[in-house]
């Protein structure tokens, strides 16, 4: 699959095949893709927590405003930002913006790599941040940015409409 096929073929998957697990090797390929994302000053402020425990996935689903599909995915990758890694180099802007941009790039790499591997994912940003941090016993200064359920899709969502370039681009 080329990059354009992955970009256009990626979908938010919320139903996973309960009969198929995701191997540790495939999870490592996703994490490898994530760590190759660009980051401000090459700070690489990400930390990935791979969750397979059914009990913990259930608690994450509850912390994510009851989004049950999180608990049904074989794996949930929690992408966190290490605030100090960019704060040390860039001060307040590094802590409040750059580390979020950097982790967002890593999250997108996970989604595109998963698409190429035939896996489904969903970018979940609606969750109680302090509860997720507590559940994962994250050290101070680590901020959960997204929950990414990963599994083999049990659905094939249709493409969602996109706004035309004429609505989203300005040339000056």
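Miscellaneous remarks
- The lone exception for residue 159 - which of (1) surrounded by fewer than 16 Cβ atoms within 10 Å (Cβ to Cβ); (2) at pLDDT below 95; (3) in a helix (DSSP H, G or I) it fails: (3)
- The residues listed here are 59, 8; of these, the one that is farther than 17 Å from residue 75 by Cβ, touching a residue at least 40 places away in the same chain (Cβ under 8 Å) and in a helix (DSSP H, G or I) is 8.
- Region 21-31 - residue that is in contact (Cβ under 8 Å) with a residue 40 or more places away in the chain and assigned to a helix (DSSP H, G or I) and, of those, surrounded by the most Cβ atoms within 10 Å (Cβ to Cβ): 30
- Condition met for residue 140 (touching a helix residue (DSSP H, G or I) at 6+ places or on another chain (Cβ under 7 Å), modelled with pLDDT of 95 or more and either more than 30 Å from residue 21 (Cβ to Cβ) or part of a strand (DSSP E or B) (or both)): no
- Residues that are under 26 Å from residue 33 (Cα atoms), part of a loop (DSSP other than H, G, I, E, B) and touching a helix residue (DSSP H, G or I) at 6+ places or on another chain (Cβ under 6 Å), drawn from region 124-137: 127
- Pairs are defined by a Cβ separation below 7 Å, a sequence spacing of at least 6 or placement on different chains, a first member in region 116-127 that is in contact (Cβ under 8 Å) with a residue 12 or more places away in the chain and on the phi < 0 side of the Ramachandran plot, and a second member that is in a loop (DSSP other than H, G, I, E, B) and surrounded by fewer than 17 Cβ atoms within 10 Å (Cβ to Cβ); the pairs so defined are 116/1; 126/65; 127/65.
- Check on residue 37, under 19 Å from residue 143 (Cα atoms), in a loop (DSSP other than H, G, I, E, B) and in contact with a helix residue (DSSP H, G or I) (Cβ under 7 Å, 6 or more places away or on another chain): yes
- Against the numbered list (1) at pLDDT 95 or above; (2) in contact with a helix residue (DSSP H, G or I) (Cβ under 7 Å, 6 or more places away or on another chain); (3) closer than 12 Å to residue 116 by Cβ, residue 26 comes up short only at (2).
- Only one of the listed residues (102, 88, 128) is at pLDDT 95 or above, farther than 28 Å from residue 155 by Cβ and either surrounded by fewer than 20 Cβ atoms within 10 Å (Cβ to Cβ) or touching a strand residue (DSSP E or B) at 6+ places or on another chain (Cβ under 8 Å) (or both). That residue is 102.
- Within region 67-85, the set of residues being in contact with a strand residue (DSSP E or B) (Cβ under 8 Å, 6 or more places away or on another chain), surrounded by fewer than 22 Cβ atoms within 10 Å (Cβ to Cβ) and in a helix (DSSP H, G or I) comprises 69, 72, 83.
The values are calculated or read from the model by the stated rules, or taken from the named source; none is laboratory data. Just so we're clear, the structure is a prediction, and the values are computed from it rather than from any experiment. Cβ sites come from the backbone with ideal geometry, for glycine too, and all protein chains shown count toward neighbours.
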